[in-house]
Amino acid sequence: MFKPLSMVALLSCFAIGFANAAINQTKGDFEDKFRQLDESLPTPNVYRNAAGEPGHEYWQQQVDYQIKAKLDEQKRRIEASEQITYHNNSPDTLKYLWMQLEQNKFRNDSMSAMTTTFGGIGNRGPATASASSDKPAQLSLGALRRQQFTDDHDLGFDIQSVTDSNGNKLKFTIVGTNMRIDLPRHLKPGKKTVFNIDYAFNIVEEDAVTARSGYEHFPDDEREGGNDIFLLAQWFPRLHAYTDYEAWTNREFIGRGEFTLEFGNYEVELTVPADHIVSATGELQNPKNVLTSTQRKRLKQAEDAERIVFVVTAEEALENEKEGTDATKTWKFSANNVRDFAWASSRKFMWDARGHQQGGDDQPLVMAMSFYPKEGGKLWEKYSTESIIQTLEVYSRFSFDYPYPVAQSVNGPVGGMEYPMITFNGPRTELQKDGSRTYSQAEKRFLISVVIHEIGHIYFPMIVNSDERQWTWMDEGLNSFLDGVAGREWDPSIPWGVEPRDVVDYMKSSNQVPIMTQSDSVLRLGPNAYTKPAAALNILRETILGRELFDFAFKEYAQRWKYKRPTPSDFFRTMEEASGVDLDWFWRGWFYSTDHVDISIDKIYKLRLDTHDPDIDFARQRQEELDKPESLTDIRNKAEGRKLWIERFPDITDFYDENDRFTVTNKERNAYQKFLSKLKPWEKTALERAVKEDKNYYVLDFSNKGGLVMPIILELTFADGSVENQYIPAEIWRRTPKAVSKLIITDKDKELVSVTVDPHWETADVDVSNNHYPPKIIPSRIEAYKTKKRSGKVYRDIMQDIKTELKTYDEDDIEEDDNN
Ligand SMILES: [Zn+2]
């Protein structure tokens with residue numbers, strides 16, 4: 001799914017509220033970050049070993065689906081039957097199977113509907129109660145629309161029959177979004193069972209309910225042309241995962257925590273209106289039945305084309321839009337080793353394609369393809385397929401060759417959502433009065449970033465199959481990190497939201513929970529599960545491990561868990577084990593706590609080594625005394641021309657007026673000789689050399705104000721204008737996490753003049769005003785403003801207003817009025 005709090009702020013799909021809920025997380029609790037994480041992680045076993053690898057007895061289930069579905073365009077309904085083959089690869093005997101029925105979430109009696117709170121976090125738009133104030137409480141029109149839609153439609157899965165391979169009925173029990181099927185015979189390890197489900201459901205209107213799928217209806221006027229786009233996902237009863245770490249992952253689908261699924265092979269037949277174009281997970285099996293010979297030729301041409309080739313052109317799509325038909329066609333798709341299946345269907349679609357020749361033995365050619373209505377326009381034509389290919393290039397460099405034959409981007413009502421081989425992406429062009437279409441810079445950036453993000457998800461979690469219902473960060477965080485890598489190789493001026501500086505405001509806020517929080521309970525999902533883990537991995541790569549170690553370990557993780565199911569501990573352990581660096585402090589600080597980074601440089605002392613030679617040390621002390629500022633009284637006495645008593649009467653002076661307290665006598669010289677004679681030869685050599693070199697000794701005092709331990713990165717500027725950088729590993733905090741001092745020794749002529757902590761803002765330090773010694777003036781902005789007149793809107797001049805003429809508005813008038 002696309003980041004709820006996007007930098008482009010165009011997403012309608014998931015606005016996470018900022019209400020200050022009552023959770024006041026203790027900040028900076030200074031829990032010892034160097035305690036080993038083994039205290040918290042699950043004990044390694046034969047399924048998941050201590051290196052973070054699949055263990056020697058690793059297993060996972062396999063579930064194969066054969067589905068025949070019909071899209072009833074008039075009723076906006078799916079009628080389907082599926083045959084499921086469940087392979088029990090676990091060492092356990094199963095008495096029942098648990099299935100996911102996500103469509104049931106949209107029923108008015110679902111846990112999701114019943115537990116939706118009024119106002120606050122997780123709600124769309126403002127919805128605040130304020131009984132005490134004059135202002136009315138607010139309920140967004142979007143919330144009203146949703147309510148009306150779910151009232152007016154019969155939603156959820158209609159499970160018509162569940163039968164075994166002989167047609168005998170199987171007992172099933174529906175519990176919210178889950179369904180238990182009781183097996184007539186226990187399913188032993190290594191055995192498989194086949195069963196059938198007939199089902200139907202009414203498709204939701206995505207814009208009304210926000211569902212990650214659904215239909216979108218375009219206004220039935222000449223400009224828009226009517227017609228629907230159908231995006232189908234969570235559209236068939238699917239098996240819950242059965243795992244070694246949690247058994248059945250049958251947690252209710254409330255809406256936030258996404259999907260935990262098994263790999264398997266799919267044969268899917270989709271019957272749709274004959275003028276529809278279909279995009280789906282998998283490879284099209286019957287192009288001769290559904291495409292014209294010209295279209296098939298174009299598709300072939302696209303395989304080694306330099307730029308996109310239209311398989312269905314804009315003109316052809318427009319032509320399709322005009323007609324409509326009662327005839328149907330059946331599109332057949334086959335997909336191997338995927339964890340899900342999604343599809344899209346519309347007569348509005350144009351279709352472009354370009355082959356990505358990635359080489360290698362497994363899948364040398366990948367067809368990158370985009371499907372979009374005229375509303376996608378030039379924006380899609382230029383950037384969608386191109387962004388797909390750039391994503392494949394970068395992600396494969398960090399993981400493995402893209403293993404599937406197609407990678408697709410489909411425009412529709414969903415802001416951004418991922419499925420195997422297919423993604424749904426929302427950005428569009430804007431229709432102008434003259435009939436042309438244009439797009440803003442923000443919409444362009446949104447398209448590029450959402451395509452990179454969603455196509456990236458085909459790797460994480462569609463192939464590296466983490467448990468999304470539990471841990472959003474494992475797919476969204478890792479994927480945001482990589483989309484930031486790909487994105488900055490595309491255009492670094494787009495705000496990708498993965499830089500350490502992008503997370504500081506969130507990290508110093510009090511309204512947060514650790515990254516290691518189950519998905520549905522996370523507060524502020526965008527910064528928690530996307531930005532913070534992405535920034536953390538960025539820091540791990542650029543600052544703590546360096547690119548070479550990080551990239552090696554990350555690739556190891558991706559390859560170990562390709563087509564398998566990693567847990568957080570597998571990620572933490574692999575990154576440590578493969579990089580060879582103890583990162584427990586990092587995981588503990590960034591993933592298990594809400595502490596933030598704020599390292600302050602408090603003081604610098606300059607020290608000079610005593611030589612022990614009284615003739616040198618006493619003279620230095622005398623000079624130090626002289627270097628102190630003179631007393632103001634003395635200065636003014638002199639200015640007034642006052643003479644000291646002894647100046648007026650020199651005859652009363654004595655020895656002490658000629659010799660100060662730093663005068664050296666032989667007593668001190670003898671003591672020095674005696675000290676030297678007692679030194680061992682090596683001690684003497686060391687002292688003599690140190691005296692001769694007379695280096696500068698600087699003591700830097702640092703304090704940790706945020707609680708997170710991090711490396712101290714220093715930029716040292718010297719009197720001669722030179723600059724040096726020093727990297728002090730985070731382990732400096734291991735005994736005293738709140739404050740440390742560091743000695744820095746420089747050559748005699750290398751005088752330190754200033755120190756900056758984290759000069760490149762690479763550690764997410766939330767307060768850079770304490771990062772300079774001596775302190776710096778912080779530039780900021782202030783605006784002069786004019787006091788506004790009190791609004792007169794409460795005083796209606798009804799006597800005047802009653803003369804107003806009645807007017808009717810169409811869209812153009814509104815635009816004109818708004819422009820006025
Ligand atoms: Zn996502």
Original post:
Residue by residue, what Karplus-based ³J(HN,Hα) values in Hz, rounded to whole numbers, does region 166-174 have, using 6.51, -1.76 and 1.60 with θ = phi - 60° and x for Gly and Pro?
Top reply: 9, x, 7, 5, 9, 6, 9, 10, 9
Original post:
If you average the sequence gap of Cα pairs under 8 Å that are 6 or more apart and divide by the length of the chain, what percent do you get for the contact order?
Top reply: 12 percent
Original post:
region 570-648 to region 767-785: how many Å between their Cα centroids?
Top reply: 23 Å
Original post:
Which value, in Å² and to the nearest 10, is the accessible area of I174 when all protein chains are kept and the probe is 1.4 Å?
Top reply: 80 Å²
Subject >> Global form of region 586-733, assessed from the alpha-carbon gyration tensor, a/c cut-off 1.5 >> reply: oblate
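Tell me the volume per residue, in Å³, of the convex hull enclosing the alpha carbons of region 176-330.
It comes to 208 Å³ per residue, whole-number rounded.
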**OP:** With a 1.4 Å probe and every protein chain left in place, tell me how much accessible area D634 has, in Å² to the nearest 10.
**Re:** 80 Å²
Subject >> Residue-by-residue Karplus 3J(HN,Hα) for region 83-93, coefficients 6.51, -1.76, 1.60, Hz, glycine and proline x >> reply: 10, 10, 10, 9, 9, 8, 8, 7, x, 9, 8
Original post:
Roughly how tilted is helix 568-579, in degrees to the nearest 10 and between 0 and 90, from the longest Cα axis of the chain?
Top reply: 50 degrees
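Okay, helix-only estimate at 222 nm for the chain: each DSSP H run of n ≥ 4 adds -39500 (n - 2.57), divide by all residues, round to 500 deg cm²/dmol; what do you get? Intermediate results must be reported in sequence, preceding the final value.
Working: 22 runs with 212 residues, N = 820.
Per the formula, -7500 deg cm²/dmol.
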Subject >> Amide hydrogen neighbours beyond the local backbone of E751, cut-off 5 Å, H modeled >> reply: A719, D720
Subject >> Set of lysines near K169 by C-alpha distance (under 20 Å), chain-local residues within fewer than 8 positions excluded >> reply: K68, K95, K192
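Filter the GluC sites (Glu not before Pro) in region 287-339 down to the DSSP loop ones having no more than 12 other Cβ atoms within 10 Å, then list what survives.
E306
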Original post:
How many percent of the accessible area of the chain is carbon or sulfur, using a 1.4 Å probe?
Top reply: 49 percent
Original post:
Once phi is turned into θ = phi - 60°, what whole-Hz ³J(HN,Hα) does the Karplus curve with 6.51, -1.76 and 1.60 give for every residue of region 35-44, x standing for Gly and Pro?
Top reply: 5, 5, 6, 3, 5, 9, 6, x, 5, x
Original post:
Hey, what's the chain come to in accessible area per residue, 1.4 Å probe, Å²?
Top reply: 49 Å²
**OP:** Determine the dipole magnitude for region 564-708: charges of +1 sit on the beta-carbon of Lys and Arg, -1 on that of Asp and Glu, nothing else is charged, the reference point is the Cα centre, and the result goes in debye to the nearest 20.
**Re:** 300 debye
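Using only the Cα atoms of region 270-375, build the gyration tensor, take square roots of its eigenvalues as a ≥ b ≥ c, and label the shape rounded, prolate or oblate: rounded if a/c is under 1.5, else prolate if a/b is larger than b/c, else oblate.
Oblate.
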Original post:
trypsin sites (Lys or Arg not before Pro), restricted to region 697-742: which are DSSP loop and have at most 14 other Cβ atoms within 10 Å?
Top reply: R734, R735, K738
Subject >> aspartates and glutamates whose Cα lies under 19 Å from that of K738, excluding same-chain neighbours fewer than 8 positions away >> reply: D29, E31, D32, D584, D595, D598, D602, D701, D758, D765, D767
**OP:** Check each of the trypsin sites (Lys or Arg not before Pro) in region 418-492 and keep only those in coil by DSSP with at most 15 other C-beta atoms within 10 angstrom; list them in order.
**Re:** K433
Original post:
If you build the Cα gyration tensor of the chain and take the root of 5 times each eigenvalue, what three semi-axes come out, in whole angstrom, biggest first?
Top reply: 65, 35, 26
**OP:** Mind ranking T438, T281 by accessible surface for me, highest first, 1.4 Å probe?
**Re:** T438, T281
Original post:
For region 283-327 and region 395-467, what is the separation of their Cα centres, given in Å?
Top reply: 21 Å
Original post:
Rounded if a/c is under 1.5, else prolate if a/b beats b/c, else oblate: with a ≥ b ≥ c from the C-alpha gyration tensor eigenvalues square-rooted, which is region 334-466?
Top reply: prolate
**OP:** Step through the table entries K135/K803; K606/K684; K742/K776; K329/K562; K382/K532, compare each Cα-Cα distance with 26 Å, and write down the pairs that go over it.
**Re:** K135/K803; K329/K562; K382/K532
Original post:
Taking a 1.4 Å probe, which of L545, L299 shows the most accessible area, and what order do the others take after it?
Top reply: L299, L545
Subject >> Residue-level accessible surface for R622, protein heavy atoms, 1.4 Å, Å² >> reply: 80 Å²
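The values are calculated or read from the model by the stated rules, or taken from the named source; none is laboratory data. Because the structure is a prediction, the values reported are computed rather than measured. Here the Cβ is made from the backbone with ideal geometry for all residues, glycine too, and neighbour counts use every protein chain on show. Ligands, DNA and RNA are excluded from the accessible area calculation, which covers all protein heavy atoms including side chains. Shrake-Rupley method; radii C 1.70, N 1.55, O 1.52, S 1.80 Å.
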